Amino acid sequence: MRKEYRAKHEIIQIGAVLLDETMTVTDRISILVRPEYGWIDPFIEKLTGISQAQVIGAPMLDEAMGQFLAWLPKEEVTAVSWSMTDRQQFVKEFQAKELSYPEMDMLFDGWVDCQEIFTKKVLAGRCYSLSEALIAADIDGEGRTHDGLADAYNTALLYAKMETEEELALNPYYAIACREEKEDTLSVSLGELFKGLDFQVAFA
């Protein structure tokens, strides 16, 4: 009898790319992972493009992690992802399946949230999705959203741009729309603030 699984989701794909010191993509990897306790339902298949049939012969997480860690360079690396969701999923699933990898512990310690960096760069008052951020940063993304490898590659492109540009160059149409959105928001906010008040203006 299988032990009860204590996490809500399971990893079905590990996708990653490598950036060198010049912020150039030098390698990429994609590993499908067979769920141990669940299956891929139609919603997840539509979201990710990965079907249950595709993972039938795929390795389970422990074996997939062995392949991924063997692919990583031996020198020190830093993990970067769009938001901290990937890190959280790794941590929760490793705990639930009683898996441990010292190499991953080192990655967890220095994990970088690309979404947080982008939000600070554009002085945004909300969190952006990766696809929105790519458009705003004038980057032509690759592949489909929620494909692990495509998301990793696109995150790498955005991260590289933010690291190499002193001031992040934005899509000019986005910059105009963003400015108009802030002006509209300010106008609405002031209008709501003073709604119902009777102003008397005195001239000296």
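Roughly how far apart, in whole Å, are the Cα centres of the range 74-140 and the range 1-73? With the range 74-140 and the range 1-73 each reduced to a Cα centre, they are spaced 16 Å. For THR22, the accessible surface of its heavy atoms amounts to roughly 90 Å² (probe 1.4 Å, protein chains only, rounded to the nearest 10). LEU157 sits among other residues whose Cβ lies under 13 Å from its own Cβ, and their net charge, with Lys and Arg +1 and Asp and Glu -1, is -4. Take 119-130, 68-79 and order them by the average number of nearby Cβ atoms within 10 Å per residue, most first; the result is 119-130, 68-79. For the range 31-130, the carbon plus sulfur part of the accessible surface works out to 55%, probe radius 1.4 Å.
List the pairs from LYS74/LYS97; LYS74/LYS120; LYS46/LYS161; LYS8/LYS46; LYS46/LYS97 whose alpha-carbon separation is above 28 Å, in the order I gave them. Walk me through the numbers before you get to the answer.
Numbers: LYS74/LYS97 26 Å; LYS74/LYS120 32 Å; LYS46/LYS161 30 Å; LYS8/LYS46 19 Å; LYS46/LYS97 26 Å.
Where the Cα-Cα span goes over 28 Å, the pairs concerned are LYS74/LYS120; LYS46/LYS161.
Put simply, when 131-142, 93-104 are sorted by average Cβ atoms within 10 angstrom per residue, most first, you get 131-142, 93-104. A cut-off under 12 angstrom between Cβ atoms defines the neighbours of VAL91, and their net charge, with Lys, Arg +1 and Asp, Glu -1, is -1.
The values are calculated or read from the model by the stated rules, or taken from the named source; none is laboratory data. Given the structure is predicted, the values throughout are model-derived calculations rather than measurements. Positions of Cβ are backbone-derived with ideal geometry, glycine not excepted, and every protein chain shown enters the neighbour counts. Heads up: the accessible areas ignore ligands, DNA and RNA and are worked out on the full protein's heavy atoms, side chains in. Shrake-Rupley method; radii C 1.70, N 1.55, O 1.52, S 1.80 Å.
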